[in-house]
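Take a look at the structure set out below.
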Amino acid sequence: MTMYNKSSLAAFFQDGDIPTGANYSDLIDSQVNLVETSAQAMAGALVTTELITPRVSATAVFATTISAANLFADNFTVSSLNVLGTFSAAAISTPSITASAAAVTGTATAAAFTATGALTGATGVFSGNVSANSLNVTTDVSAVNGSVVCSAVRATRIYAGVGVVSAAGTTQGAAAILTNTINRGKGIADGTTTGFAPPGNNAGMIQYLFNEGASANLWPPVGGTINGLAANAVFPLAASAMVTIVHVTASAMIAK
């Protein structure tokens, strides 16, 4: 049978007409049936003054969890952005996220979260947790009110000049990062807090460390080397020694 619009159906049932069985079948096939269990398609929009239903089903409407392999947007601008559930994506890339009040009060997780533009907010960018294997922000983050958890966080900005750095820990992961061109190693107690480490991803940079204390340890960045030693192997520092650190590659250094 055939489906017709209202005007075509009305032409079959005017005064004096003798509708056929096929006309009645067409009338039935052109209507939405309340008992029908199969999917019924409507060519136009459905507009109601009130809609009450226990279930609204669609390919994608709204959900507590927003999950996508890739989510892209040129510009996403809102006066208030709130994600109360879980926001998950394999890759989120956007040049600009701007809001007068933007908040993630749940958990934002991503294999790679890359913001090539600015993350700005008047009252806060993230008030919940941001967790990612790799978090890269190439411009500015104005505020992080919650916590940022990453498997690896690297600071690529080195401050020119002289700075005091207190040694930390006895392992590579706990070592104090050298964030200045000239670093004065302080607060060293043999056997308890002995570690320093240059930052990674700074090929071509030269740093200086004056170990103004007892013997200490200089660790490479995670996976890196110093003076051709094994990966992640420590380079010992003598008491009151000065070393020059030349960043040859992203994670390989020469210390003399």
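Couple of notes before you dig in:
- Only one of the numbered conditions (1) touching a Lys or Arg at 6+ places or on another chain (Cβ under 8 Å); (2) crowded, with 18+ Cβ neighbours inside 10 Å is violated by GLY163, and that is (2).
- Any hit, region 207-225, residues being outside any strand (DSSP E or B), of a type in the set (A, V, I, L, M, F, W, C) and buried (at least 21 other Cβ atoms within 10 Å of the Cβ): yes
- If the condition is being part of a loop (DSSP other than H, G, I, E, B) and modelled with pLDDT of 90 or more, then region 18-30 contributes ILE18, PRO19, THR20.
The values are calculated or read from the model by the stated rules, or taken from the named source; none is laboratory data. Owing to the predicted nature of the structure, the values given are computational and were not obtained by experimental measurement. Quick reminder, even Gly has a Cβ in these numbers, built from the backbone with ideal geometry, and neighbours come from all protein chains shown.
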